[in-house]
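The values are calculated or read from the model by the stated rules, or taken from the named source; none is laboratory data. Predicted model, so just to flag it, every value in this text is computed and none were measured. With ideal geometry, Cβ positions are generated from the backbone for all residues, glycine too; neighbour counts draw on all protein chains shown.
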Amino acid sequence: MSYLDTIESESIYIFREAYAKLDNIAILWSLGKDSNVVLWLARKAFFGHIPFPILFIDTEKEFPQVYEFRDRYVGEWNLNYIEEQCPPVEEMDPTLPPAARLAARKTYGLKSAVAKHGYRGLVAGIRRDEEAIRAKERYFSPRDDTGAWDLRDQPPEFFNQYMTSFPPGVHIRIHPILHWTELDVWKYTKREGIPLVDLYFAKNGKRYRSLGEQEITHPIASDATTIDDIIAELEVTRVPERSGRAMDHEAEDSFERLRAAGYM
Amino acid sequence: MTMQSMHAQPLKIVIVGHVDHGKSTLIGRLFHDTGSLPDGKMEAIQKMCERRGMPFEWAFLMDSIQAERDQGITIDTTQIRFKTGRRSYVIIDAPGHIEFLKNMVTGAASSEAALLLIDADEGIQEQSRRHGYLLSLLGIPQVAVLVNKMDLAGYDASRFGEIAEQYRGYLESIGVSASGFIPISAREGDNIAEHSKHMPWYQGPTVLQILDGFEQPPPLEDRPLRLLVQDVYKFDHRRIIAGRIEAGRIEVGDEVLFSPSNKTARIKSIEAWSVPERPTVAAAGQSVGVTLETQIFVERGEVMSHAIDPPIETNVFKGRLFWLGQRPLTKGATYTLKHGTLECPVTVERVERVVDTGVLDRSDATAIERHAVGEVVLRTRRLLALDEPHVSPATGRFVLVQDHAPVAGGQISMKGYPDQRDLVTVRATNITAVGHAVTREARAGRNGHKGGVFWFTGLSGAGKSTIALAAEAELFTRGFQVYVLDGDNIRTGLNANLGFSPEDRAENIRRVGEVAALFADAGFVVISSFISPYRADRERARTAAKDDFHEIYIKASLAVCEERDPKGLYRKARAGEIRDFTGIQSPYEEPNAPELVIDTAELSADDAVARFLAYIQARLA
């Protein structure tokens, strides 16, 4: 078995555990490379069917290419698509730094979707290697009724046994690609031929390595115009993936505060 | 970095040890010395330290959460990656503070090798021992011990030797052998990537050399097939049984057995989505879906195997476990067992041993306190399909859940308990019951009493035979059709082909149970006099005889029986001349709710017989 087969198999196992044990699950789709891989893995796990709704939290500030991509693949992949609008930035915690305040809108959009649809499980495409706080996540990670993450008291997770029962009011975040790296995502995207928003490929010496709202996402200098180029670039880079995401870097703990409040 | 090594599986390494023995510092140093730090990270840490007015602190690399930086201890496991010339590593930093043991377990359980740190200055501490024990309970095969902070111990060879010798002895006592012992200073970089100038007396491998010497665990393809059924899907015309192959391999056309339901079917296809061609074989590690040629009812929780090497079926097993619950694990308590994809209630029948990693074993305990490890006997109502861990790691371990959260994990042992598979498998399927012309009532009318099975159980020396034979003589004179089944008349004939292994003992009792039921049906009073140590066996005998069954516990403690030792058997068992002797090497399971208890430590032999006769007279006459 190749390394990609191994991590794919683990993700499929997690998807199937979630489907067997939890009612009313949705997959969060940001339309980025990671969540496209997550959708792909769901189709692998369930033999071409996705037995969950696909939830898009719309900031209304995404790149136009992102909306075009959505419009095309909702139909082509026959998705049970649901969207939720985010509240205006003025309603966010004013003590957060500016970019984090913008990012916090997504948390609120997510909370209102959970309340509206009564989801008990949300599948999110986060990875441990993205960011130091996410490195501490569990595959099955409980959130209380405010959506908050208790980083300091997480359930133990071992022997492929996950927290699949929980008290009322709690929902579970399921992270099927937690163990993947950025490079793994690219190699798998290439092997499987998974489509992508073309902002990841360089134009005029710049490309996006990570996609978020337009105002707080910055491109990196790059000449990578194909997936192979991107893989070659990542194999030697020493720049972190989320360096172009402004909200991570405003203060030492800004990302931790976002995550604890329920951000993906 | 060549493409070859980039595609290779990264090795997962956990770093464990007592709090403040230098785990996070070691990781910071490993990253730096292998050139794996992202750009700007050193500078960011430098700045962070300056803001706090403290010297450069390697540990900040891992402890990137605010609270951890302020307290200076790791709360949760962190996973980051680095590369050496040989391969890439996922490195897991596990907290050393006892309050965060569940996080240490989470981190360590997924790793393939471990580095265990001991502070040269402080020496071996409680968590040093506890973590060593947990590595063995988690099934982590490779461990190297690093004696850290050698700079604070003056790079003294004798201090290193003293700690290494002491800890090697401890590891051996729990059945673990270390891959090596290395004297290091993580802060100063001694013996990490290069040999230390300060310790010319040490010629062994550096930390990087010992890491590169660790092996990936061998694939489980050549083991007996074990597929854990996760679900059965009917999204379209196909009925797909989904699950992961934990060991072995499957091929289209294979006949497979599902346990514990004991159903068989042939694999019709291996299903997959978006693959170049449909697979015809699959092996350990793959998450697959199969369709079967015949439609049998299979559900989540079953284990798929081949018929020639199936898992063990049992409703009782021993577990070596670590306990994470807020309240202690107690004898008699019921938890939720998670074994593979099966979940069911499980009761702690006995706490056999508590291992106190601080000092010595305590064998008299009835509870396991938070963060301790121990051995228990666990019993379920339903049958389980499981393995010894050396046969299949995934089906040889278990988790206990209480109030939604995992509270224990451990390894299974079946030592002293039989495989119940053969006893529950119905082989003769082409036999049709024929109604007898002579009714039970007619037989009872002629005999003047009903038939029944009086099943004695108890330790050797408890008085079963004495009471049975005296009662038989008395009942015969009172006009009863009565017969005693015991080792003398069963073992020499009907069961002459059976020995004393747990399986043979179970089969012995199964046959006695069936014969006793026939006798009772024929109108006899049958007294069976066997130790019959396993509750499951006695329950089967009860099922065979239905309402005619009476379980009679001939009760005397092990100490009393050993003191009596009428045939000298206990003495021989203690001397090792007899193996698998009940009460000594093999368990005796007391009845839960026997119809009658005759306590022979309290009653004289005559009174014991009288009590039994009174019971029988009241039930049958």
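A few remarks follow.
- Selected residue [crowded, with 21+ Cβ neighbours inside 10 Å and either assigned to a loop (DSSP other than H, G, I, E, B) or of a type outside the set (A, V, I, L, M) (or both)] from B:Gln166, B:Gln230: B:Gln230
- Put simply, of B:Glu562, B:Glu551 the only residue that is touching a helix residue (DSSP H, G or I) at 6+ places or on another chain (Cβ under 8 Å), in a helix (DSSP H, G or I) and among the acidic types (Asp, Glu) is B:Glu562.
- Scanning the range B:215-255 for residues that are at pLDDT 95 or above and among the polar types (S, T, N, Q) yields a single hit, B:Gln230.
- For the range B:510-538, residues that are in contact with a strand residue (DSSP E or B) (Cβ under 9 Å, 6 or more places away or on another chain), part of a helix (DSSP H, G or I), farther than 16 Å from B:Asn489 by Cβ and of a type outside the set (Gly, Ala, Ser) total 2.
- Filtered by the rule that a residue be in a helix (DSSP H, G or I) and either modelled with pLDDT under 80 or away from every other protein chain (no Cβ under 14 Å) (or both), the range B:1-41 gives B:Met3, B:Gln4, B:Ser5, B:Met6, B:His7, B:Lys23, B:Thr25, B:Leu26, B:Arg29, B:Leu30, B:Asp33, B:Lys41.
- Flag for B:Arg130 being among the basic types (Lys, Arg) and more than 28 Å from B:Gly35 (Cβ to Cβ): yes
- Condition met for B:Arg249 (touching a residue at least 24 places away in the same chain (Cβ under 8 Å), surrounded by fewer than 21 Cβ atoms within 10 Å (Cβ to Cβ) and under 14 Å from B:Ser305 (Cα atoms)): yes
- Condition check for B:Arg130: modelled with pLDDT of 90 or more, touching a Phe, Trp or Tyr at 6+ places or on another chain (Cβ under 9 Å) and charged (D, E, K, R): no
- Here the range B:252-282 is the region considered, the condition is being in contact (Cβ under 8 Å) with a residue 12 or more places away in the chain and among the polar types (S, T, N, Q), and the residue that is surrounded by the fewest Cβ atoms within 10 Å (Cβ to Cβ) is B:Thr280.
- Taking the range B:280-372 and the strands (runs of 3 or more DSSP E) fully enclosed by it, the elements with 1 or more residues that are more than 14 Å from every other protein chain (Cβ to nearest Cβ), under 22 Å from the mean Cα position of the chain (by Cα) and within 28 Å of B:His18 (Cα to Cα) are at B:342-355.
- Any hit, the range A:65-88, residues being closer than 21 Å to A:Glu256 by Cα, crowded, with 18+ Cβ neighbours inside 10 Å and without any contact (Cβ under 8 Å) to a residue 40 or more places away in the chain: yes
- Among the residues making up the range A:159-195, those that are more than 10 Å from chain B (Cβ to nearest Cβ), on the phi < 0 side of the Ramachandran plot and surrounded by fewer than 18 Cβ atoms within 10 Å (Cβ to Cβ) are A:Pro168, A:Lys190, A:Arg191, A:Pro195.
- Scanning the range B:241-279 for residues that are touching an Asp or Glu at 6+ places or on another chain (Cβ under 8 Å) and facing chain A (nearest Cβ under 10 Å) gives B:Ala242, B:Gly243, B:Ser274.
- From the options B:Lys149, B:Lys102, residue that is at the interface with chain A (Cβ under 10 Å from one of its Cβ atoms), charged (D, E, K, R) and in contact (Cβ under 8 Å) with a residue 40 or more places away in the chain: B:Lys102
- Count - residues of the range A:139-148 that are within 14 Å of another protein chain (Cβ to nearest Cβ) and surrounded by fewer than 21 Cβ atoms within 10 Å (Cβ to Cβ): 3
- Some residue of the range A:216-232 being within 13 Å of chain B (Cβ to nearest Cβ), modelled with pLDDT of 80 or more and over 21 Å from the mean Cα position of the chain (by Cα): yes
- The lone exception for A:Ile172 - which of (1) under 30 Å from B:Thr336 (Cβ atoms); (2) part of a loop (DSSP other than H, G, I, E, B); (3) of a type in the set (Val, Ile, Thr) it fails: (2)
- Test: residue in the range A:5-20 that is part of a helix (DSSP H, G or I), hydrophobic (A, V, I, L, M, F, W, C) and within 8 Å of another protein chain (Cβ to nearest Cβ): yes
- Filter result (in a helix (DSSP H, G or I), in contact (Cβ under 8 Å) with a residue 24 or more places away in the chain and away from chain B (no Cβ under 14 Å)) within the range A:110-132: A:Leu110, A:Lys111, A:Ser112, A:Ala113, A:Val114, A:Lys116, A:His117
- The set of residues in the range A:25-67 being in a loop (DSSP other than H, G, I, E, B), away from every other protein chain (no Cβ under 12 Å) and closer than 28 Å to B:Thr291 by Cβ consists of A:Phe52, A:Pro53.
- Counting only residues that are assigned to a loop (DSSP other than H, G, I, E, B) and surrounded by fewer than 21 Cβ atoms within 10 Å (Cβ to Cβ), the range A:211-222 holds 3 of them.
- Filtered residues of the range B:233-252 (kept if part of a loop (DSSP other than H, G, I, E, B) and of a type outside the set (Asp, Glu)): B:Lys234, B:Phe235, B:His237, B:Arg238, B:Arg239, B:Gly248, B:Val252
- Some residue of the range A:148-161 being touching a residue at least 24 places away in the same chain (Cβ under 8 Å) and within 30 Å of B:Ala272 (Cβ to Cβ): yes
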